[in-house]
2 protein chains.
Amino acid sequence: VHIGILGGTGMEARGLALRFAAAGASVFLGSRQSERASRAADACNKALGGPLVRAGSNREMLASSGIVFITVPYPQAAAAVDACRWLFRPHHILVDVTVPVIFREGHAELAAAEDGTSNAEIVARCLPDGVPLVAAFKTIPAAILADLELPLNCDVIVSGDVAAARQKVIETAGLISSLRALDGGPLRTARTLERMAVLAIELNLRYKKKGARYRIEGL
Amino acid sequence: VHIGILGGTGMEARGLALRFAAAGASVFLGSRQSERASRAADACNKALGGPLVRAGSNREMLASSGIVFITVPYPQAAAAVDACRWLFRPHHILVDVTVPVIFREGHAELAAAEDGTSNAEIVARCLPDGVPLVAAFKTIPAAILADLELPLNCDVIVSGDVAAARQKVIETAGLISSLRALDGGPLRTARTLERMAVLAIELNLRYKKKGARYRIEGL
């Protein structure tokens, strides 16, 4: 599996890179500034103990990746995809992991569109026809992903309107040990996943923890 | 703890009555037709092995209960509360467990208000001033609650705008073994809980199971 990360220099990018590289996948960090991606990859490789993660521009990343995770902060996601729009090809699957959250007076709040549309649905509209978007990993805290010593012990719910793309992401997520991937159905489910992510952040704030994440019992 | 159940003749009512009575709480099933409540209570008491659950009209139930669960189907919840409005007193806490779900072509869909308001918020508006509403138990399948042999092994997230009422419901839910109650903050969180409930139903349909429910890892 060739995994690319668009905007690959933050904590979420680091977490995905570490987990997928440790699981044996090829990982390529992309950034508008190749330098920044290189520094992030170096830090990952240090943690991994070998040169497993490559880096370059977003253009280079898209040229050598199949499944591309977008990990920029949520307000920049649509513009970041738009800027690379001409580089997407039908073999790509874009995985949106962004969480539309704002912090106000010490509380986490959903920053959803007026009409309730999820950020995933908004980002999907920026892709060329024929390139599917899948929402996943929204409910798993970045800091937990990035701590390789910690078993995830949670589920990732995967949603998207193209069943084959969804299935591919489910299989890819399943490479990560201690993580179970579940089929969440159509992209509209992202409205639920984004709210769940905000609730987990709010529970972390209330209980002074950092790792609240979901397991589905009974499946 | 004196627990009442408004509309206490369905599976959700049975589940709550069995779990709370088994935990040592006093439980009173209310119905518009006392006869139906009595039959439901008889069935509970048979399962419990003793006369632990009482029954009567909704009026009798409200007169002898502090924490009142409303367990009618979601489209009838607001009218059911409205019909009993004059019987609510400031010591009451109404707990809304309803899930606004519709089934279409084999799929579960959220039946939310146009503007995204939760059913819990709509029901809350039917109560007299000073009677708090708390949303809880929405994400736990009724069939799982009603199977006393089965450990719940899940969390219940409790939300409501009156902190003292929320705390009281958290304590009460904590009486049930194998269930952890978490503080979900303001009533607005019910928008997330209702979506989570629909997602759990959808996962049950997709994976041909009946007991999908949530545990929060890392808290």
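A few remarks follow.
- Residue satisfying condition, being closer than 27 Å to B:Val131 by Cβ, among the basic types (Lys, Arg) and either within 7 Å of chain A (Cβ to nearest Cβ) or assigned to a helix (DSSP H, G or I) (or both), within set B:Arg206, B:Arg195, B:Arg215: B:Arg195
- For B:Leu127, the test of being surrounded by fewer than 23 Cβ atoms within 10 Å (Cβ to Cβ), at the interface with chain A (Cβ under 10 Å from one of its Cβ atoms), touching a residue at least 12 places away in the same chain (Cβ under 8 Å) and farther than 19 Å from A:Arg215 by Cβ is failed.
- Residue in the range A:177-194 that is over 18 Å from A:Ile93 (Cα atoms), surrounded by 24 or more Cβ atoms within 10 Å (Cβ to Cβ), acidic (Asp, Glu) and touching a helix residue (DSSP H, G or I) at 6+ places or on another chain (Cβ under 9 Å) present: yes
- The range A:198-219 residues that are closer than 10 Å to B:Ile216 by Cβ, paired with ones that are among the hydrophobic types (A, V, I, L, M, F, W, C) and assigned to a strand (DSSP E or B) (beta carbon under 7 Å, 6 or more apart): A:Leu203/B:Leu182; A:Leu203/B:Ile216; A:Ala212/B:Ile216; A:Arg213/A:Cys154; A:Tyr214/A:Cys154; A:Tyr214/B:Ile216; A:Arg215/A:Cys154
- Single condition B:Ser118 does not satisfy, out of (1) under 17 Å from A:Val198 (Cβ atoms); (2) within 9 Å of chain A (Cβ to nearest Cβ): (2)
- Residues that are among the hydrophobic types (A, V, I, L, M, F, W, C) and more than 7 Å from chain B (Cβ to nearest Cβ) within the range A:177-192 comprise A:Leu179, A:Ala181, A:Leu187, A:Ala190, listed in sequence order.
- Of the strands (runs of 3 or more DSSP E) lying entirely inside the range B:64-115, those containing at least 3 residues that are aliphatic (A, V, I, L, M) are B:67-70, B:93-96.
- In the set A:Ala135, A:Ala111, only one residue is aliphatic (A, V, I, L, M) and within 13 Å of chain B (Cβ to nearest Cβ); that residue is A:Ala135.
- Looking only at the range A:144-176, and only at residues there that are over 16 Å from the mean Cα position of the chain (by Cα), farther than 15 Å from A:Asp96 by Cβ and outside any helix (DSSP H, G or I), the one that is nearest to the other protein chains (Cβ to nearest Cβ): A:Asn153
Every read-out reported here was derived from the displayed coordinates using simple, explicitly stated rules and does not represent laboratory data. If you're wondering where the values come from, they're calculated on a predicted model, not measured in any experiment. Counting neighbours? That spans all protein chains shown, and the Cβs are built from the backbone with ideal geometry, glycine included.
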